[in-house]
Amino acid sequence: MGVREDDGPDWKECMAERARELGFVRVGFAKAERRADLEGVLLRRERLGLVTPFVRASLRQRTDPREVWPECRTVMVLAYPFPLSLPPLQGEGVIARSAVGEDYHAVLRKKLAALEQLLRAAGWPGREIRQQVDTGPLVERFWAVQAGVGWIGRNQQLIVPGVGSFLALALLLLDRELAPNTPVPAGCGECGLCLEACPAQILGQPDFRADRCLSYLTQTKEVLSGREASLLGNRIFGCDTCQEVCPHNRLRLRQEASLYEEIQTERRRAAGAQAGDAAQGDPAEDVGSLKEAARAVGIRRCAVEGRGMQPEPVPDLGAHREPTRDAGAAGDVARNVSIKPDSVGGVGAQENAARDAGLRPNPVAAALLFRGVDLFQTLLLTKPAFREKFGWTAAGWRGKGILQRNAFLALKNAQDKRLRHWLAERKQGGAVPPLIEAYGASEFAAGDND
């Protein structure tokens, strides 16, 4: 039996407070029980052949937490925001926000482990806590709705009131009975922006076809139809279109726009300083200066927020836009020292205070993340380069070949002239990857792209 709620402190509030300290933006609780309503929905989808190959758990495990762990009494649902990111540059391939930066599975598992430690230190009386992050059997979005974390929008995404949908979900299974939260009402109203924006036009149908969603198409190893390949455009992994038009994500999108404008301002300032305030040309066309400005802004934000500070010496920031493999959660750098906001001195005073303390931002914490990748470099990926660039992200789990296929299709969609030469070289060596040859690589190589 689980431990009842009235034995000790208000554990729901305690757990929610500790979770917020770790960066979770919403927490809810649901009773662990078999859900016949969910079971009926899943059975219907099975009968219609709408279950994707990624789903492998049994029906009972997907609908009853006690089938996963017999001692479970409460499902705790936690929502964690994806990091702010910057738009791709012209001609780049697009990575969805869920796959930018360190793999959210790894980030959340570390967060959940830290949360469990905090709860144990506070005297949590349960015998065991189990966790699930995305790849477990339970349908996380369903339990998020039951726990009052959010509602399922017309775009099939979980929308958290006041936060939006650019979130990852995690579950903690508890052997203690905690009072369940009440589900929140749906808030889409009459809005249909996502239905209109969906490139595949699959939203708003009686039965959602996940296998036609562009996010799924960027991950499946099945051969895509010509229409599907064309619809991918320049997408390399995932698709955010239905979320980018959602009014509930406006705050998030404004934050990203503000960050980008801050970088542009920094770039103009640097360009003016280098040219004696008489810079020639448009700095917006200089990709290198954008990256340098992004690094400068990232370092400044670390100093202002007291995030990711470490003693000297400062490691070389390097030329990469992505942090290294051992990045971890940026806010969890072990030797953090907080430089509190100075109401008089402002940003400059805080940067000076950090320098006076002998501190510099850790380059991992300072890194600002772009959603763009070089398409041709992605096509040319070697195994070591793949591991360095993608292996530590959520885009890495499907392997190098899928990303190369998507890069090939994006270059083909753009009629990039470099493709024919690349294909000719590969065919001479007899090494056109099967995932690419399936899309008419030979015919494209023989065509006239000049």
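Quick notes on this structure:
- Listed from fewest to most Cβ neighbours within 10 Å, the set Phe142, Phe166, Phe54 follows the order Phe54, Phe142, Phe166.
- Centre separation in Å (Cα based) which lies between the range 109-143 and the range 29-72: 19
- Amide H contacts of Arg176 (H built 1.01 Å from N, in plane; Pro and chain starts excluded): Val3, Arg73, Thr74 sit under 5 Å, all sequence-distant by 5 or more or on other chains.
- The 3J(HN,Hα) values that the Karplus relation (6.51, -1.76, 1.60; θ = phi - 60°) gives for the range 395-401 are, in residue order, 7, x, 5, 8, x, 5, x Hz. Gly and Pro appear as x.
- Spin-label pair Leu193-Trp397: with each label point 7 Å from Cα along the Cα-Cβ axis, the two points sit 2.9 nm from one another.
- Per DSSP, loop GluC sites (Glu not before Pro) in the range 75-164 with at most 14 further Cβ within 10 Å: Glu128
- Proximal charge balance of Val223 [Cβ under 14 Å; K/R count +1, D/E count -1]: -1
- Stretching Ala257 away from Asn413 to a fully extended chain increases their span by 53.4 nm, per 0.36 nm per residue minus the current alpha-carbon distance.
- Summed residue charge, Cβ within 15 Å of Leu158's Cβ, Lys/Arg positive, Asp/Glu negative: +2
- The range 372-440-the range 171-224 distance, computed between alpha-carbon centres (Å): 29
- Long-range amide H partners of Gln131 with built H, under 5 Å: Leu173
- Ranking of Ile202, Ile95, Ile299 by count of other Cβ atoms within 10 Å, fewest first: Ile202, Ile299, Ile95
- Environment charge at Ala407 (Cβ cut-off 11 Å; Lys +1, Arg +1, Asp -1, Glu -1): +1
- Placing R0 at 51 angstrom, the Cβ-Cβ distance between Glu425 and Arg34 gives a FRET efficiency of 0.30 after rounding to 0.05.
- Calculated FRET efficiency, Cys14 to Thr182, Cβ-Cβ distance, R0 = 22 Å: about 0.65 to the nearest 0.05.
- Fewest-first sequence of His105, His421, His248 by Cβ atoms within 10 Å of each Cβ: His421, His105, His248
- Sites Val25 and Gln61 - FRET efficiency at Förster radius 35 Å, r taken between beta-carbons, to 0.05: 0.80
Values in this text are rule-based calculations from the coordinates and carry no lab data. Here the structure is a predicted model, which is why all the values come from computation and not from measurement. Positions of Cβ are generated from backbone atoms using ideal geometry, with glycine treated the same way; all protein chains shown enter the neighbour counts.
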